[in-house]
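Read the structure below first, then the notes.
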Amino acid sequence: MTQAKQRDYAFWVKLATRASVSVAFILIAVKTAAWLLTDSASMLASLTDSMLDSLASLFTFFAVRYAVQPADNEHRFGHGKAEAMAAMVQSALITGSALLLAVHSVQQWIQGTPVQQAEVGVYVSLFAIALTLALVVLQRIAVKKTGSQAITADALHFSSDLLLNSAVIAALVLSAYGWLWADSVFAILIAVFLAQGAIRIGWEAFQSLMDRELPDAEKQQIVDTIKAVPGVRGLHGLKTRSAGPTRFVQCHIELDDFLNLRQAHDIADSAEKRVEALFEQTEVIIHMDPLSVVPQELHQEVTQAETSVIEPQVPADDNGPTQ
């Protein structure tokens, strides 16, 4: 990644995290006031979610700043996995709070506590929807620019808040018309929804920390790109993973036996540069294998386009290949 792209990446992730922290704290303030006035379980659910948003956003705020730091002597592969760790923390916080919220909602359902001043909760929820919608738009722009896993998780969570606040409005309106159970039931449904989202986010982050392979579509792109390089007769041993914004690719390419070292190097170098050009930030390591040492089961089919490129050179004498 060039310095300009690194600066662009850092700008967008920092802007998105600053915005999410600011929005979360504003919503905590207004929802706390609304909950104290209404004593609504669904409003408490919404407040709990905003408090989680603030904790998760703060963690993400610091994690992405660590993640964008360049590789150093102790972290040769960079700091990108800090983003996945941030997503894991978000997942744990959301799941725990969803369980506590469900317990509180069941207790309130049993007690049958009525909702007070429901219109206050409705106005606050409408304000929350407008503010959250603006944040989600900004986050999606940032994700499009950077592909950040931490911002993606944060955007997914705030996107769910749009549905959550809509559910709060419905619960408050129903409760105001005498459907007292609606407030608690909606709060429980919100808790289930939050837990499902948290598990999904946590699973994706866990897979990233475990060096899961890149998506099949991207891997196929890499294979097609390498096989299209003049001189490449096949490839095997493809391994991929990602850490934050960086993709890592390594593989073995199969070359004609009698190429000299410079020719083999140029082919491998060309393949690396073409793969690096596919994505914003990619590190590629390619090992060169002569065809004769590649086990038969690893041989790839050679297309007609590939066989039309560099012809193998025959050694001129016993001293080695022609230079």
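The values are calculated or read from the model by the stated rules, or taken from the named source; none is laboratory data. Everything numeric in this text was worked out from a predicted model, so none of it was measured. Every residue, glycine among them, receives a Cβ derived from its backbone with ideal geometry; neighbour counts consider all protein chains shown. These accessible areas exclude ligands, DNA and RNA; they are computed on the full protein's heavy atoms, side chains included. Shrake-Rupley method; radii C 1.70, N 1.55, O 1.52, S 1.80 Å.
Put Trp12, Trp181, Trp203, Trp35 in order of accessible area, highest first, and with a 1.4 Å probe you get Trp203, Trp181, Trp35, Trp12.
Leaving out ligands, DNA and RNA but keeping every protein chain, what accessible area does Ser242 have, in Å² rounded to the nearest 10, with a 1.4 Å probe? Spelled out: Ser242, probe radius 1.4 Å, area about 40 Å². Taking a sphere under 13 Å around the Cβ of Leu27 and counting the other residues whose Cβ falls inside, with K and R at +1 and D and E at -1, yields a net charge of -2. Using a cut-off of 25 Å between Cα atoms, the listed pairs Lys144/Lys219; Lys144/Lys227; Lys145/Lys227; Lys219/Lys273; Lys14/Lys273; Lys14/Lys239 include Lys144/Lys227; Lys145/Lys227; Lys14/Lys273; Lys14/Lys239 as exceeding that distance. What's the local net charge at Ser50, with K and R +1, D and E -1, over the other residues with C-beta under 12 Å away? So the surrounding residues net to -2.
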